[in-house]
Amino acid sequence: MFISLNRKILYTIAIFFILTCIIFVYSFYIVYGQKFQEEGQLNLLNTRQFTELNFENVTLRQELNTLLQKKEVTQLSPNVMEILRYNQDPRSLNEITIEHKRVEDIIRNYNSRYNSFARAGKVTLISTFLIVFMIIILGILLRKWILEPIDKLSHISALVAAGNLSQRVELNKNYLFEDEIDKLAQAFNQMLENLNNSFNEIKQKEKFQQALINSIPDGIRVIDKDYNIILANNAYYKQIGSPAKTDIKCYTSCQGLSYPCPESNFSCPLREIKEKQKNSVKVIQQFQSFPNRHLSINAAPLTIDNAGQKEFYIVEAIRDLSDDIKFSHQQKLSSLGFLSTSIAHEMKNNLGSIRMIIENILNKYYINTANDNEAKKYLAMILEQITTCLNIPERLLKLAQNVHDGDGPVDCLSAAKEIAALLDYEAKHKGIDLKIKKTGQNIYILGNASDFKMLLLNLLQNAIKATGSEGKIKIDLKNDNTNVTIKIQDTGHGISARNLPHIFEPFYSEGQKDNQSGTGLGLAIVKSIVEKFNGNITVKSKEGKGTEFTLEFPQYKPGKEKKTNKKTAKKTNLSKKSIA
């Protein structure tokens with residue numbers, strides 16, 4: 001229970017005053033009052049006895065004299081005669097008079113003592129009043145010199161404890177009478193000034209630190225041993241789709257859990273570093289807010305010595321692999337564009353000249369020759385192969401030329417035929433039968449033609465790699481007037497059930513098991529393109545029997561591409577400049 005210093009002092013003074021008065025009155029009564037009362041009672045008793053005896057003596061003498069006058073008593077004893085003579089003796093009368101005076105003196109002395117006792121009571125009352133007055137004056141001085149300055153210090157301390165460091169204690173301007181409390185107030189103000197400066201400096205450093213980590217494009221977060229996020233940047237909060245907030249658990253912010261992530265679902269970097277004493281951990285996770293994004297998390301331990309105690313943290317750098325996927329996709333398209341341009345420049349002119357020469361030979365020397373002529377037949381075959389060779393760089397160039405032209409109607413059948421023709425040589429070289437089947441008319445979707453071709457290119461390349469000789473690859477296109485469904489089936493070695501859920505993760509590649517090079521971004525690019533087209537992709541596979549990818553897209557409806565092209569106009573111009 002809180003009791004102010006002012007009340008403590010007042011209560012203490014009042015208690016001491018009451019106790020002093022009680023002790024003083026009691027002592028006065030014990031020393032003087034009781035003694036005075038006993039003496040007075042004794043004197044009154046003696047006086048009463050003397051008066052009674054004196055009265056009896058006078059009465060008996062009067063009666064005896066009366067009897068003697070009447071002569072009723074003729075003979076008296078010697079003792080009685082002696083008493084009569086004593087009473088008639090002037091000395092006896094003198095003694096009686098002296099005794100009366102002594103009694104009167106005793107009575108006067110008693111009255112004098114009683115009056116002195118009354119005066120002592122008055123003196124006590126006056127002294128009590130003076131003591132109370134001095135106590136009041138002392139209390140006022142104590143309040144002005146001690147209590148009020150302490151109250152000010154207490155009030156300012158409460159404001160400072162609440163976080164208001166701008167408050168200061170009002171100092172006494174009359175420095176001629178400066179005391180210890182004034183010095184305490186000056187020191188307190190100086191302490192607040194230093195504290196405020198230090199706090200502002202810390203805030204500036206925190207702002208600089210926060211601005212520094214906010215400038216990092218990757219997500220950054222610092223986690224303590226209890227899974228609390230104590231520091232994070234804006235990129236991280238953008239990755240989890242949540243406003244900036246600290247003092248929350250890492251598993252709550254990114255996975256929406258109320259308990260640490262289970263080992264069966266996620267590889268926890270904090271647990272890996274703490275339990276296995278690793279210097280660095282790299283994992284790929286998906287956050288709850290954006291389940292279709294794959295994030296690469298690089299974690300490292302951080303130990304800080306705080307007052308002799310080591311505090312353990314981990315620092316995590318979180319990169320959205322969607323950017324890497326897009327970069328890889330653009331890089332592939334740029335490489336195809338560069339390759340097609342180089343092939344066109346290096347081969348087209350020479351092959352075109354050869355084709356013109358053969359056409360001239362056929363027109364000049366074999367125009368009237370029968371078609372079954374062996375020489376004419378071989379020349380026609382040469383011309384056909386040269387024409388085919390000329391179409392290869394044309395198809396590559398066509399694949400990459402519309403990379404940044406925005407969305408529009410995409411002819412799925414035409415695109416599938418172009419990609420199949422591009423990969424026809426590789427398929428035939430491995431003895432693979434590549435076929436295209438369509439069901440329905442006008443199989444169109446809305447999107448970027450180059451992206452769609454790259455999607456098919458990645459899927460068909462994977463199918464060719466997975467399919468052995470004498471295998472089959474089938475492209476089935478279907479339009480049901482609502483959705484466009486594309487199925488790519490192969491008779492390859494298939495994908496294991498354990499690895500099937502991970503094939504769309506960035507940098508995951510089963511092809512590396514067969515000593516085939518691969519970055520592991522092909523299917524990740526495919527999935528990102530499908531999601532960009534508002535489509536869906538599923539996969540079914542059995543080991544040793546083959547794999548089937550099913551793509552579903554909304555059917556193209558005229559009019560939608562106009563809105564999209566307006567939004568991508570600026571990006572188109574910038575992208576064309578970057579390619580140039």
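The values are calculated or read from the model by the stated rules, or taken from the named source; none is laboratory data. As the structure is a prediction and not an experimental result, all values here were calculated from the model. With ideal geometry, Cβ positions are generated from the backbone for all residues, glycine too; neighbour counts draw on all protein chains shown. Just so you know, the surface numbers come from the protein's heavy atoms only, side chains and all, with ligands and any DNA or RNA stripped out. Shrake-Rupley method; radii C 1.70, N 1.55, O 1.52, S 1.80 Å.
Observations on the model:
- Environment charge at Glu384 (Cβ cut-off 13 Å; Lys +1, Arg +1, Asp -1, Glu -1): +2
- Net charge, Phe188 excluded, C-beta distance under 14 Å - Lys, Arg +1, Asp, Glu -1: -2
- Surface composition of the range 138-262: carbon and sulfur make up 59 percent of the accessible area, probe 1.4 Å.
- One Cα centroid belongs to the range 437-466, the other to the range 226-292; the line between them spans 37 Å.
- Solvent-accessible surface (1.4 angstrom probe) belonging to Ile354, in square angstrom, nearest 10: 80
- Heavy-atom accessible area order for Val160, Val25, largest first, 1.4 Å probe: Val25, Val160
- Applying 0.36 nm per residue to the separation of Phe24 and Gln286 and subtracting their alpha-carbon distance, the gain on full extension is 85.5 nm.
- Accessible surface for Phe16 stands near 130 Å², nearest 10, in the context of the full protein assembly shown (1.4 Å probe).
- Solvent exposure of His294, expressed as accessible area, is near 10 Å², computed with a probe of 1.4 Å over the protein chains only.
- Theoretical FRET efficiency, 1/(1+(r/R0)^6), r = Cβ-Cβ of Gln204 and Leu165, R0 22 Å, to 0.05: 0.95
- FRET efficiency, Ile304 to Lys183 (Cβ-Cβ, R0 51 Å, nearest 0.05): 0.85
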